[in-house]
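Everything below concerns the one structure shown next.
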Amino acid sequence: MVAKQNTQQKILDAAQNLFAETGFNDTSLRQITSLAEVNLAAVNYHFGSKKELIQAVLQRYLRVLMARLDQEFTRLLALQQPNNLTQVLAVFVKPLLELNSVHHNGTRIFLQLLGRGYTDVQGHLRWFINHNYGRVLDKFVLLVQQSCPQLPASELFWRLHFSLGTVVFTMASNEALAEIAEADFSEEVDIEGVIQRLLPYLAAGIAAPVFTRSYPQQLSRSGT
């Protein structure tokens, strides 16, 4: 049993590092088995296919993250009143940071992997996440809707998609951003500090005025 778990762990660690670095599409099973120092049959035995391996890599983080988020979303909804959007987004901070207990640099790795799921067009991941955690995500969407009742559902889709892209890019490059902040502004910023700076930006973007065809003309006439 211990040997089986060790083999699975080696495969998952090798897969997540390669997936995060080079993407899902450009990482082959042979590259994974070579880095993990196992044979190809071991991947098929423990995970079945590359898609199932990708899901297993994400699942290590999702089971921790989503359980914590579910608790926090339930707590906010129980207040039975619209919550400030920044407060709703702040719920993500501690659960995301707790991913560092799953693996070293787990927060950054998870968000890189999540971003890869979109850029590499891994449709099965969307199904996997919705199938297993759709109820939790629905609670989050409801909280955002309560905070921004002026946003149509279609507009909310775009805002949340843009926000996810911003989070993934920022967290994937957080080390470089921290180095620039220290060199140019003498600021020491850790990963929690980066997230805390990101929250008001995301809240403002999500709650921004709804785009209309006349909106650019209004901006032009106002001189902005």
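In segment 48-101, the qualifying residues are those that are open to solvent by 20 Å² or more (accessible area, probe 1.4 Å) and β-branched (V, I, T), and the one that is nearest to the chain's Cα centre (by Cα) is V64.
Considering each residue of segment 129-144 in turn, none proves to be under 30 Å from A56 (Cβ atoms), at pLDDT below 90 and surrounded by 13 or more Cβ atoms within 10 Å (Cβ to Cβ).
With the condition kept exactly as written, say whether any residue in segment 103-115 is in contact (Cβ under 8 Å) with a residue 60 or more places away in the chain, aliphatic (A, V, I, L, M) and under 24 Å from A204 (Cα atoms). Looking through segment 103-115, at least one residue is in contact (Cβ under 8 Å) with a residue 60 or more places away in the chain, aliphatic (A, V, I, L, M) and under 24 Å from A204 (Cα atoms). When the residues of segment 172-189 are filtered to those that are assigned to a loop (DSSP other than H, G, I, E, B) and out of contact with any helix residue (DSSP H, G or I) (no Cβ under 7 Å at 6 or more places or on another chain), the one that is nearest to N105 (Cα to Cα) is S173. Looking at the structure I just gave you, is L125 within 30 Å of Q80 (Cα to Cα) and either open to solvent by less than 70 Å² (accessible area, probe 1.4 Å) or modelled with pLDDT of 95 or more (or both)? No.
Return yes or no: is V93 at pLDDT below 95 and closer than 17 Å to L137 by Cα? When the stated conditions are applied, V93 passes them. Of the listed requirements (1) surrounded by 10 or more Cβ atoms within 10 Å (Cβ to Cβ); (2) farther than 26 Å from G117 by Cα; (3) at pLDDT 80 or above, F211 misses just one: (3).
Restricting R68, R75, R60 to residues that are of a type in the set (D, E, K, R) and more than 26 Å from R108 (Cα to Cα) narrows the list to R75. Candidates Q9, Q31: the one that is modelled with pLDDT under 95, open to solvent by 60 Å² or more (accessible area, probe 1.4 Å) and either more than 30 Å from P149 (Cα to Cα) or not in a helix (DSSP H, G or I) (or both) is Q9. Residues in segment 70-79 include none that are under 30 Å from A207 (Cα atoms), at pLDDT below 90 and charged (D, E, K, R).
The values are calculated or read from the model by the stated rules, or taken from the named source; none is laboratory data. Keep in mind the model is a prediction, meaning the values are calculated, not measured. Cβ: placed from backbone, ideal geometry, glycine included. Neighbour counts: every protein chain shown. Calculation scope for accessible area: heavy atoms of the full protein, side chains included, ligands and nucleic acids excluded. Shrake-Rupley method; radii C 1.70, N 1.55, O 1.52, S 1.80 Å.
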